[in-house]
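Novice: If you scroll down you'll find the structure; I have some questions about it.
The values are calculated or read from the model by the stated rules, or taken from the named source; none is laboratory data. Keep in mind that what you see is a predicted model, and the values were worked out from it rather than measured. Note that we place each Cβ from the backbone using ideal geometry, even for glycine, and neighbour counts take in every protein chain shown. Just the protein is used for accessible areas: all its heavy atoms, side chains included, with ligands, DNA and RNA removed. Shrake-Rupley method; radii C 1.70, N 1.55, O 1.52, S 1.80 Å.
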Amino acid sequence: MPVQGTQIEARLATRDDLAGLEAIETDRTEGLSASYLNLQEKGDFYVVVGLVDGEVMGRAILDARTRNELVPELKLLWVVPAARRQGLGVAITSYLESVAAQLGYDEIFLGVTPDNPAAIPLYISLDYTPTGEHRSAVNVSVVDAEVASATEAIYRKSLRLR
């Protein structure tokens, strides 16, 4: 739950958010925020930022590029540790899902690796269900889509049943 008096917001990122996005990059996504915004400008790729009291404290990607295996796909949900358990991840995901629904999608997908066990209860609480499908995990950069050695479980959520 949000701390009383804390303002939680999620919206599409703009170029003005670049410094904030760069400030929360992880080792695996370091230096990629500008690339994500460039892809957003080309279309079918959406960067959603989560703000706590106006400061970027989280982000996620909606990748709707048709060249991908799963379309649309929620990728790279990240909330800085200090902002966790305040509803920011839920706000980011809900906003991202509304973008997918506005684009006309009936469902949304995501992949999660076993080394991210904290994410699974969150996704299940948000009505994502395992499909039983698995795939080789793609590099989290989503820019170059290099194949890594891990396996992801695929989850889906209906956007019709809201």
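Novice: Taking amide hydrogens as modeled 1.01 Å from N in the peptide plane, which residues meet the under 5 Å criterion relative to residue 77, leaving out close sequence neighbours?
Specialist: Those qualifying (amide H under 5 Å, at least 5 residues apart or on another chain) are 61.
Novice: Please give the charge dipole size of the range 39-93, origin at the Cα centre, charges +1 on K and R Cβ atoms and -1 on D and E Cβ atoms. Round to the nearest 20 debye.
Specialist: 120 debye
Novice: Right, another one. What trypsin sites (Lys or Arg not before Pro) does the range 51-126 have in DSSP loop regions with at most 13 other beta carbons within 10 Å?
Specialist: Counting only loop positions with at most 13 other Cβ atoms within 10 Å, the trypsin sites (Lys or Arg not before Pro) in the range 51-126 are 67, 85.
Novice: Further question on the same structure: If amide hydrogens are placed 1.01 Å from N in the peptide plane, which non-local residues have theirs closer than 5 Å to the one on residue 103?
Specialist: none
Novice: Give a residue-ordered list of calculated ³J(HN,Hα) values for the range 153-158 (Karplus: 6.51 cos²θ - 1.76 cosθ + 1.60, θ = phi - 60°; whole Hz; x for Gly, Pro).
Specialist: For the range 153-158, the Karplus curve yields 8, 9, 10, 9, 9, 6 Hz.
Novice: Something else now. Per residue, how much accessible surface does the range 1-112 expose to a 1.4 Å probe? Answer in Å², no decimals.
Specialist: Each residue of the range 1-112 exposes 49 Å² on average to a 1.4 Å probe.
Novice: At 222 nm, what value in deg cm²/dmol follows for the chain if DSSP H runs of at least 4 each add -39500 (n - 2.57) and the sum is divided by all its residues, to the nearest 500?
Specialist: Rounded to the nearest 500, it is -7000 deg cm²/dmol.
Novice: Would you work out the charge dipole size for the chain about its Cα centre, treating the Cβ of every Lys and Arg as +1 and the Cβ of every Asp and Glu as -1, and quote it to the nearest 20 debye?
Specialist: 400 debye
Novice: Just to be sure I understand, if you calculate Cα Rg over 2.2 N^0.38 Å for this structure, which of (1) 1.17; (2) 0.97; (3) 1.37 do you get?
Specialist: Structure-derived value, by its label: (2).
Novice: Follow-up question, since we're still on this one. Determine the distance separating the Cα centre of the range 13-49 from the Cα centre of the range 57-98; give it in Å without decimals.
Specialist: 12 Å
Novice: Based on the mean of other beta carbon atoms within 10 Å per residue, what is the order of 93-104, 123-134, most packed first?
Specialist: 93-104, 123-134
Novice: Could you tell me which of 62, 76, 161 has its Cα farthest along the dipole of the chain towards the positive end, charges placed at Cβ (Lys, Arg +1; Asp, Glu -1), taken about the Cα centre?
Specialist: 161
Novice: Then there's this: As an exercise, identify the GluC sites (Glu not before Pro) in the range 4-59 lying in DSSP coil whose Cβ has no more than 15 other Cβ atoms within 10 Å.
Specialist: 25, 30
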